[in-house]
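Here the structure comes first, spelled out in structure tokens, and everything after it is commentary.
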Ligand SMILES: [Zn+2]
Ligand SMILES: [Zn+2]
């Protein structure tokens, strides 16, 4: 493959999806239900036909990431990929229980646990992964790796060019904007290990879904002492 890999953030309501384009095009996350027009609009702006998107990687099963996967699969014909441990929630269109890590998580949980914000159109995934998945067959130099913690089936996209897209593995601190743990984690210990795993790949730019980033490797090392 020639040329470089481009990561194009698509700002959505309260979250971000990412178009990754090289020889092929993939989408990472899909936003809340109702995000399809913003994503299709961005593709159009980039002169990418919907059917050129052949894969939708879901970093995890939460509605702000998986919410528009069903409709976007319909509109693009792309395959939908998720980790085995988040697949059942995707099939049910549910987010599962939120386990607060940070104080703000306890407060926000009251809002995000509500039926209205936690449900989304269910979808049967096309590709279910365990440890890793090579993106080569989709025309992208890079891979999807498991980075559990926020949910047990959370994954990150690690590109050969040094970019990483990590979903909700990290969320900024409110005041400093430095990377911090997410508001919720199913397993904080696994989450810490996943941050270490990410750092071991020595990414140059770490893209996150909410309110900030991209972070540098130095940002991560400074904050987490890894
Ligand atoms: Zn999440
Ligand atoms: Zn999120």
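The values are calculated or read from the model by the stated rules, or taken from the named source; none is laboratory data. All of these numbers come straight from a predicted model, not from anything done at the bench. Neighbour counts run over all protein chains shown; Cβ positions are idealised from the backbone, glycine included.
Inspect all residues belonging to region 55-68 and state whether any of them is away from ligand 1 (no atom under 16 Å from the Cβ) and either more than 26 Å from residue 131 (Cβ to Cβ) or assigned to a loop (DSSP other than H, G, I, E, B) (or both).
No, region 55-68 contains no residue that is away from ligand 1 (no atom under 16 Å from the Cβ) and either more than 26 Å from residue 131 (Cβ to Cβ) or assigned to a loop (DSSP other than H, G, I, E, B) (or both).
Please pick out the residue among 156, 194 that is in contact with a helix residue (DSSP H, G or I) (Cβ under 9 Å, 6 or more places away or on another chain) and within 16 Å of ligand 1 (Cβ to nearest atom). Even if it seems obvious, please write down each step before you answer.
Working: 194 fails: in contact with a helix residue (DSSP H, G or I) (Cβ under 9 Å, 6 or more places away or on another chain).
Going through 156, 194 in turn, just one is in contact with a helix residue (DSSP H, G or I) (Cβ under 9 Å, 6 or more places away or on another chain) and within 16 Å of ligand 1 (Cβ to nearest atom): 156.
The rows are residues; the columns are (1) modelled with pLDDT of 95 or more; (2) within 17 Å of the chain's Cα centre (by Cα).
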| site | (1), (2) |
| --- | --- |
| 144 | yes, yes |
| 149 | yes, yes |
| 155 | yes, yes |
| 160 | yes, no |
| 170 | yes, yes |
| 207 | yes, yes |
| 225 | no, no |
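Is there a residue in region 88-96 that is within 16 Å of ligand 1 (Cβ to nearest atom) and in a strand (DSSP E or B)?
The answer is no, given that none of the residues of region 88-96 is within 16 Å of ligand 1 (Cβ to nearest atom) and in a strand (DSSP E or B).
Only one of 35, 30 is surrounded by 22 or more Cβ atoms within 10 Å (Cβ to Cβ), touching a residue at least 12 places away in the same chain (Cβ under 8 Å), within 16 Å of ligand 1 (Cβ to nearest atom) and under 25 Å from residue 132 (Cβ atoms); which? Give the derivation first.
Working: 35 fails: under 25 Å from residue 132 (Cβ atoms).
So the residue among 35, 30 that is surrounded by 22 or more Cβ atoms within 10 Å (Cβ to Cβ), touching a residue at least 12 places away in the same chain (Cβ under 8 Å), within 16 Å of ligand 1 (Cβ to nearest atom) and under 25 Å from residue 132 (Cβ atoms) is 30.
Quick one: would you say residue 24 is closer than 26 Å to residue 186 by Cβ, touching a strand residue (DSSP E or B) at 6+ places or on another chain (Cβ under 8 Å) and modelled with pLDDT of 95 or more?
On the way: closer than 26 Å to residue 186 by Cβ: no; touching a strand residue (DSSP E or B) at 6+ places or on another chain (Cβ under 8 Å): yes; modelled with pLDDT of 95 or more: yes.
Criteria not met by residue 24.
Restricting to region 155-169, and then to whatever is within 12 Å of ligand 2 (Cβ to nearest atom) and touching a strand residue (DSSP E or B) at 6+ places or on another chain (Cβ under 7 Å), can you tell me which residue is nearest to residue 188 (Cα to Cα)?
We begin by selecting, within region 155-169, every residue within 12 Å of ligand 2 (Cβ to nearest atom); these are 166-169.
Those left that are additionally touching a strand residue (DSSP E or B) at 6+ places or on another chain (Cβ under 7 Å): 166-167, 169.
On the way: 166: 16, 167: 16, 169: 10 Å.
Step by step, filter region 155-169, then rank; the result is 169.
Which residue pairs have Cβ atoms under 9 Å apart, sit 6 or more places apart or on different chains, and have a first residue in region 180-205 that is free of Cβ contacts under 8 Å to residues at least 12 places away in the same chain and a second that is more than 16 Å from ligand 1 (Cβ to nearest atom)?
So the pair list comes out as 200/226.
Would it be correct to say that residue 108 is more than 13 Å from ligand 2 (Cβ to nearest atom) and either touching a residue at least 12 places away in the same chain (Cβ under 8 Å) or assigned to a strand (DSSP E or B) (or both)?
Numbers: more than 13 Å from ligand 2 (Cβ to nearest atom): no; either touching a residue at least 12 places away in the same chain (Cβ under 8 Å) or assigned to a strand (DSSP E or B) (or both): yes.
It is false that residue 108 is more than 13 Å from ligand 2 (Cβ to nearest atom) and either touching a residue at least 12 places away in the same chain (Cβ under 8 Å) or assigned to a strand (DSSP E or B) (or both).
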